[in-house]
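Input: a single structure, listed below in structure tokens.
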Amino acid sequence: MVGLRACALFVAAFLLGGPADAAEQPSAAQMMDDLMYGRGSVGGPFTLTDHTGKPRRDTEFRGKLIVVYFGYTYCPDVCPTDLMAITQALDALGPSAEEVQPIFITIDPERDTKVLAAYVAAFHHSFLGLTGSPDEIRKVANSYKTFYAKVPDERGGEYSIDHSGVIYLMGRNGEYLGFMPPQTNPDRLTEVLRKYLTR
Ligand code: NI
């Protein structure tokens, strides 16, 4: 249910022109519009920390296709569904999945960093979880035109996060290939990935 509400809020932010903290990021509408119409660049250099505590740079993954997903471990439905779809797509590819590096970047480093290893272990074995300081994450998300904003939960001190949740596909030289919408069917993901595989 929180997922549905987050979606509704995303639509609201889209229509109203952005969240209160728009100073820290372009508005949701601006980023979604740029992404949909292919304006500007998507992706770019980053140095983040993986779920084992090791620093990782974007350049390490050259030669592989990269599937990038921004989400948070407390997400009740949308993130786990999409991460499971990516997992199923990789399973369907069999040994060719070795050409693909799936990356989960948390947009909730404050809560997620300590649980990241356990979280990614629930999905495909090749999943890499990445975290960083809130500022580092914001910069990487901005470079991917990913929108996110905390939504206070009235029932307690916790919060959920309204986020765009698209699935990015990056090429072997780190170039942007495209994005797939949230809730993309695993079979469709498999088909899209297969087009870029060498075997
Ligand atoms: Ni989510």
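Here is how the numbers come out for the structure above:
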| item | result |
| --- | --- |
| Residue within the range 93-102 that is outside any helix (DSSP H, G or I), more than 15 Å from the ligand (Cβ to nearest atom) and open to solvent by less than 20 Å² (accessible area, probe 1.4 Å) present | yes |
| The one condition in (1) of a type in the set (Asp, Glu); (2) modelled with pLDDT of 95 or more; (3) surrounded by 17 or more Cβ atoms within 10 Å (Cβ to Cβ) that residue 162 fails to fulfil | (2) |
| Any pair with Cβ under 6 angstrom, 6 or more apart, that starts in the range 65-79 at a residue that is open to solvent by less than 10 Å² (accessible area, probe 1.4 Å) and near the ligand (Cβ under 8 Å from one of its atoms) and ends at one that is in a strand (DSSP E or B) and aliphatic (A, V, I, L, M) | 72/161 |
| Subset of the range 125-136 (residues that are surrounded by fewer than 20 Cβ atoms within 10 Å (Cβ to Cβ) and free of Cβ contacts under 8 Å to residues at least 60 places away in the same chain) | 125, 126, 133, 134, 135 |
| Selected residue [of a type in the set (D, E, K, R) and touching a Pro at 6+ places or on another chain (Cβ under 7 Å)] from 77, 91, 82, 112 | 82 |
| Residue identified as among the basic types (Lys, Arg) and open to solvent by 50 Å² or more (accessible area, probe 1.4 Å) among 145, 139 | 139 |
| Scan of the range 178-189 for residues that are in contact (Cβ under 8 Å) with a residue 24 or more places away in the chain and either assigned to a strand (DSSP E or B) or open to solvent by 60 Å² or more (accessible area, probe 1.4 Å) (or both), ordered by number | 179, 183, 185, 187 |
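The values are calculated or read from the model by the stated rules, or taken from the named source; none is laboratory data. Only a predicted model underlies this, so the values are computations on that prediction, with no experimental measurement involved. Counting neighbours? That spans all protein chains shown, and the Cβs are built from the backbone with ideal geometry, glycine included. With ligands, DNA and RNA removed, areas are computed over all heavy atoms of the protein, side chains included. Shrake-Rupley method; radii C 1.70, N 1.55, O 1.52, S 1.80 Å.
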